[in-house]
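Engineer: Encoded as C-alpha cells, here's the structure I'll be asking about.
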Amino acid sequence: MKKVFALCPVRAAIQVIGGKWKLCILYYLTNGPKRYGEMKRAVDGITEKMLTQQLRELEEDGIVVRTVYPQVPPRVDYALTSLGARLVAVFAPLESWGQQLVEQLDGEQLSSRVQSAVLVAAEEVPVVGRNMMRPA
C-alpha cells in the first residue's frame with residue numbers, strides 16, 4: 001500500500017524561519033534594508049559565520065534579497081522580499097505576547113536565559129506593531 005504524505009504548513013514555515021537566529025534577523029529587517037555590519041551589531045551574540053549562513057539560507061528560501069552595489073568599497077544590503085515582508089504581520093502579535101510575558105513575570109521571575117534575550121538596547125528594537133516593548 002502506498003503512503004500518502006500531506007504537507008504541513010507549520011512545519012514548512014518553521015523549516016524556513018526556525019532556529020535561534022532567523023527570527024531575530026528578520027525582525028531587524030522589518031524597518032528596511034540593512035547592511036551586514038548593521039545586522040551583526042543588531043543581532044547580539046551571533047557569530048559572523050552564523051549570520052552569513054542564516055542570511056544565505058533566508059536568501060535561498062526567497063525571504064531575503066541580497067543587493068550588491070558596484071562601488072568601492074563594495075556595499076551589500078539585505079532586505080525582505082515581498083514574501084518575507086508578509087512576515088511583518090507575524091511579529092506584531094509575537095511582540096505583544098512577549099510584552100505580556102515580560103510584564104506578567106515582572107522581569108524578576110524570568111529565567112536568566114530569557115532575561116539575557118530581552119535585554120537589548122532600545123535603539124536596536126525596530127518598530128513593528130502598535131504595542132512596542134521599547135521605543136525605536
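Since every read-out is calculated from the coordinates, none of them should be taken as a lab result. No experiment lies behind these values; they were computed from the predicted model shown. Positions of Cβ are generated from backbone atoms using ideal geometry, with glycine treated the same way; all protein chains shown enter the neighbour counts.
Engineer: Would you mind classifying region 1-79 by shape? Square roots of the alpha carbon gyration tensor eigenvalues, ordered a ≥ b ≥ c; an a/c under 1.5 is rounded, otherwise it is prolate if a/b is larger than b/c and oblate if not. Could the numbers behind the result be given before it?
Structural biologist: Working: a/c = 2.81, a/b = 2.08, b/c = 1.35.
Cα axes put region 1-79 in the prolate bin.
Engineer: May I ask you to evaluate 6.51 cos²θ - 1.76 cosθ + 1.60, the Karplus curve with θ = phi - 60°, for each residue of region 51-62 and list the ³J(HN,Hα) values in order in whole Hz, giving x for glycine and proline?
Structural biologist: After applying 6.51 cos²θ - 1.76 cosθ + 1.60, I find 4, 4, 4, 5, 5, 5, 5, 5, 5, 4, 7, x Hz.
Engineer: For Val64, what residues show an amide H to amide H distance below 5 Å, using hydrogens built from the backbone and excluding near sequence neighbours?
Structural biologist: When sequence neighbours closer than 5 places are left aside, the close amide H contacts are Glu59, Thr81.
Engineer: Continuing with the same structure: With each label point set 7 Å from Cα along the Cα-Cβ vector, what nm distance links Arg35 and Val76?
Structural biologist: Going by the 7 Å Cα→Cβ label model, 1.4 nm.
Engineer: Quick one: Karplus J couplings for region 89-98, per residue in order, coefficients 6.51, -1.76, 1.60, θ = phi - 60°, nearest Hz, x for Gly and Pro?
Structural biologist: Along region 89-98, the couplings run 5, 7, 6, 4, x, 5, 5, 4, 4, x Hz.
Engineer: Given points 7 Å out from each Cα along the Cα-Cβ axis, report the Glu59 to Ile14 separation in nanometres with one decimal.
Structural biologist: Here the modelled spin labels are 2.8 nm apart.
Engineer: So if each residue of separation counts as 0.36 nm, and I subtract the Cα-Cα distance between Asp44 and Val102, what length gain in nm does that give? It would help to have the intermediate numbers written out before the result.
Structural biologist: On the way: separation 58, 0.36 × 58 = 20.88 nm, distance 1.93 nm.
So the chain would gain 18.9 nm between Asp44 and Val102.
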